[in-house]
Structure formats: C-alpha cells, structure tokens
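In what follows, a single structure is set out as structure tokens and then discussed.
The values are calculated or read from the model by the stated rules, or taken from the named source; none is laboratory data. Remember, predicted model here, so these are calculated numbers, not experimental data. Don't worry about glycine lacking a Cβ; one is built from the backbone with ideal geometry, like all the others, and counts go over all protein chains shown. Accessible surface areas use protein heavy atoms only, side chains included; no ligands, DNA or RNA. Shrake-Rupley method; radii C 1.70, N 1.55, O 1.52, S 1.80 Å.
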Amino acid sequence: MSTNKPRGMRRKSFSPWVRYPSFLLLYGVLVPLAKVMEKTGLWQRLSKRRRRDFYGNFGDYQATAHDVFACVYFKSGTNWLMQILVQVIHRGRTEFEHVHDIVPWPDSPDPNYAVSLSDETAWKKSPTGLRVIKTHREFAQVPYSPQARYICVVRDPKDVCVSAYHFSRAEAMGPMTPSVPNFVEYFLSPAFQFCAWPLFLDSYWRVRDRENVLFMTYEEMQKDLRGTVCKIAALLGVALSEEEVEAVVRQSSFDHMKQIEQKFETGMLVPWSTPHGAMIRRGRRKGSDELLTPSQQQRIDDHCRAELKRLDCDFPYDQAFG
C-alpha cells in the first residue's frame with residue numbers, strides 16, 4: 001500500500017523569481033494575443049474545433065464492492081458530493097489534509113494530483129470498508145460493477161457556465177479569459193474541455209433506475225441536504241444514527257466547507273493564479289444572472305434542450321432548470 005501523499009498540480013505557491021517575471025509575459029504577450037484572437041474572430045473559430053482529450057482515464061481498472069463513484073459534471077458540486085460521501089463512509093468522524101489524499105481522481109490531467117486507484121489504504125481504514133472515487137467522465141467511460149455504487153450529480157447548465165467562467169479566470173486564464181459571450185459559445189462548443197453537458201446527463205439518466213445508481217440534481221441537494229445525506233447513506237448500505245446524520249449534515253454545509261476550502265483547492269496552477277475561493281465560491285442555484293444576460297441564459301437553455309432531444313433523452317429539463 002502506498003503511503004506517499006500526491007502532489008502534482010497541488011502547488012502552494014511560486015517563488016517571486018518566477019511569479020513576478022511571469023506578469024511581463026502575461027501582460028506583454030499573452031493578454032494582447034488573447035485580445036487579438038477575440039477581435040479577429042479566431043477565438044470563435046477555434047472553439048468550433050473538437051476538444052483534445054488531455055485528461056486521464058481508468059485504464060483497465062475493475063470496479064469493486066469497496067468503490068463509491070462520485071460522478072459529477074465539471075463545476076456542479078463535485079467537492080460537495082465528495083465531502084458528503086467521505087463523511088457518510090466515516091460516519092461523520094473524519095479529517096483530512098486534502099480531499100485527494102484519500103479520494104482518487106483517475107481522469108485528472110495530472111496523475112500525481114490525487115491518490116492512486118491502486119492504493120487500498122482509504123477503504124481498508126474506513127469503518128464501512130468503502131472509499132470514494134471522483135470522476136467527470138460520462139457513464140460509458142467509468143468502470144461498472146453491480147457491486148459498486150454510482151452517485152451522479154448534474155446542475156443547471158447556466159450556473160455551470162458561470163461557475164466555469166469564474167473558475168477558469170481564477171485558476172489559469174486571468175485577464176486572458178474571453179468575454180462572457182465568447183465564453184458561453186466555448187462552453188457550448190465541441191472544444192469545451194469536458195464532454196458536452198447534455199451527453200454527460202443523458203449517459204447517467206439512462207441508468208438511473210439501477211439499484212446501485214443514484215441520480216440527483218445540485219438543486220435538489222440544496223433544497224434538502226439532510227434528505228440527500230439519508231438517500232446516499234441508504235444507497236451505500238450505511239446505517240447512520242441520528243447523531244451521525246447530523247454530524248454529516250453539519251460538516252457538509254456550505255458555511256463549514258467554506259471554512260475548510262483549502263482542503264479542496266488545487267493551489268496555483270500558473271504563476272498568476274488567484275485560486276483561493278474559486279473551488280467553493282458561492283454555492284448558489286438559479287444565480288446565473290450575476291453574469292449572463294437573459295438572451296445568453298436563453299441561448300444555453302435552447303442549446304441544451306435541443307441536444308437532449310437529439311439524444312432522445314426524456315430528462316425533464318424545463319421542470320429542473322427552465
């Protein structure tokens with residue numbers, strides 16, 4: 001069993017010798033180049049290309065009865081679900097330095113970012129014999145076993161787009177971030193860094209009736225956190241006492257997670273990153289009007305409805321997100 005903590009992307013800081021000269025590159029070359037790309041329409045043309053998949057995968061891993069897969073679309077409550085799952089598995093009594101010291105993320109672009117799938121420490125030390133595995137992959141790309149459990153969370157794509165914009169700006173792009181209209185088109189385009197939102201939703205919606213699958217929306221979780229904890233515990237076969245349920249709910253509240261957000265952050269990915277607060281930002285639902293105009297919100301709704309229809313998916317989009 002491995003006991004080495006992963007590092008990789010989780011860099012805490014860059015030295016001043018790297019950080020300060022990087023701003024010369026950023027503002028002297030990269031920002032002007034980004035502005036030219038926007039003005040000439042090059043950004044729009046590039047966003048129409050198919051994305052290059054630079055994320056990892058599960059390889060030949062075989063799922064086991066110890067595995068609980070947190071299957072969440074990008075910026076849709078991944079850390080929140082991981083916290084709930086980790087606390088349920090440990091009956092509301094666990095601490096960690098960083099969530100990815102105990103939760104593998106096989107599709108991370110950096111294989112050293114999270115603990116390895118082959119490391120059995122987490123489930124062997126768990127009182128329930130379970131561990132959490134994070135993924136942003138669609139269902140067909142996740143190892144399946146009837147003995148494993150799968151919890152999928154999707155979020156209003158308008159809120160996903162807003163959260164993705166702020167995250168991208170804070171973590172890597174900074175002042176190079178495209179204008180909001182161009183970012184919306186990028187989010188809806190084949191070039192977006194993750195699979196299309198409708199494709200992800202459809203892949204899990206089709207298997208929602210399996211006994212080992214739980215499909216939820218971020219909005220449902222916010223309306224009833226306690227009920228969410230109880231549903232997850234039931235799926236996992238973990239009988240929690242009332243005291244343990246309350247402990248999980250308390251530690252999974254937005255206020256508590258905001259207090260420990262450093263345990264979920266990536267750290268500085270580039271010298272000009274300002275990542276603090278980007279991973280757990282506001283936790284709002286129906287808050288896309290903070291950034292998007294009504295026409296931009298309508299653009300996202302229309303696109304996602306049309307794509308779900310093309311996929312022959314009967315998910316009640318308007319009831320959930322319209």
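Think of region 161-280 as having a plus end and a minus end, set by charges on the Cβ of Lys, Arg, Asp and Glu; of T228, T266, Y165, Y165 sits farthest toward the positive end of this dipole. Model label points for H256 and Y61, set 7 angstrom from Cα along the Cα-to-Cβ axis, are 2.6 nm apart. The residues W17, W272, sorted by heavy-atom accessible surface at 1.4 Å with ligands and nucleic acids left out, run W17, W272 from largest to smallest.
Got a sec? What order do L225, L81 fall in by accessible area at 1.4 Å, biggest, i.e. largest, first?
Final ranking, largest accessible area leading: L225, L81.
Between Q147 and L269, the simple label model (points 7 Å from Cα in the Cβ direction) yields a spacing of 3.6 nm.
The heavy atoms of V18 present about 70 square angstrom of accessible area, all protein chains included, probe 1.4 Å. Of the residues D202, D209, the one with the largest accessible area comes first in the ranking D209, D202, computed with a 1.4 Å probe on protein heavy atoms. For region 111-177, the fraction of 1.4 Å probe accessible surface lying on carbon and sulfur atoms is 52 percent.
Helix 16-25 and the longest principal axis of the C-alpha atoms of the chain enclose an angle of approximately 50°. A 1.4 Å probe run over the protein chains yields, for region 51-100, 38 Å² of accessible area per residue, whole-number rounding. In this simple spin-label model, placing a label point 7 Å from the Cα along the Cα-to-Cβ direction at both D302 and S118 gives a separation of 5.1 nm. Compared with the dominant principal axis of the Cα atoms in the chain, helix 225-236 is inclined by about 60°.
Accessible surface for region 140-268, divided over its residues, is 38 Å² per residue with a 1.4 Å probe. Can you give the accessible area of W43 in Å² (nearest 10), computed on protein heavy atoms with a 1.4 Å probe? We get 50 Å² for W43.
The heavy atoms of F96 present about 20 square angstrom of accessible area, all protein chains included, probe 1.4 Å. In terms of Cα atoms, the Rg and Dmax of region 100-232 work out to 16.8, 49 Å.
With K and R counted +1 and D and E -1, the other residues having a Cβ less than 13 Å from that of R299 yield a net charge of -2.
What number does region 147-222 give for Rg over Rh if you use C-alpha atoms and the Kirkwood radius?
My calculation puts Rg/Rh at 1.06.
Dividing the summed -39500 (n - 2.57) terms of all DSSP H runs of n ≥ 4 by the residue count of the chain sets its mean residue ellipticity at 222 nm at -11500 deg cm²/dmol.
Applying 1/(1 + (r/R0)^6) with R0 = 30 Å to the Cβ-Cβ distance of V31 and T293 gives a FRET efficiency near 0.75. On a C-alpha basis, how far is the centre of region 160-227 from the centre of region 78-137 in Å? Whole number, if you could? Value for the Cα centre distance between the two parts: 21 Å.
A simple packing score, the average count of other Cβ atoms within 10 Å per residue, orders the peptides 186-196, 59-69 as 186-196, 59-69, with the highest score first.
Axis of helix 31-40 versus longest Cα principal axis of the chain: the two differ by about 70°, to the nearest ten degrees. Relative contact order of region 27-130, taken over Cα pairs closer than 8 Å and 6 or more residues apart, is 26 percent.
Here the chain is assigned +1 on the Cβ of each Lys and Arg and -1 on the Cβ of each Asp and Glu. Its dipole about the Cα centre then comes out at about 900 debye. The residue list V207, W43, V86 was ranked by how far each Cα lies along the charge dipole of the chain toward its positive end, using unit charges on Cβ atoms, and W43 comes out on top. In the frame of its principal axes, region 66-175 has Cα extents of 45, 30, 27 Å, reported largest first.
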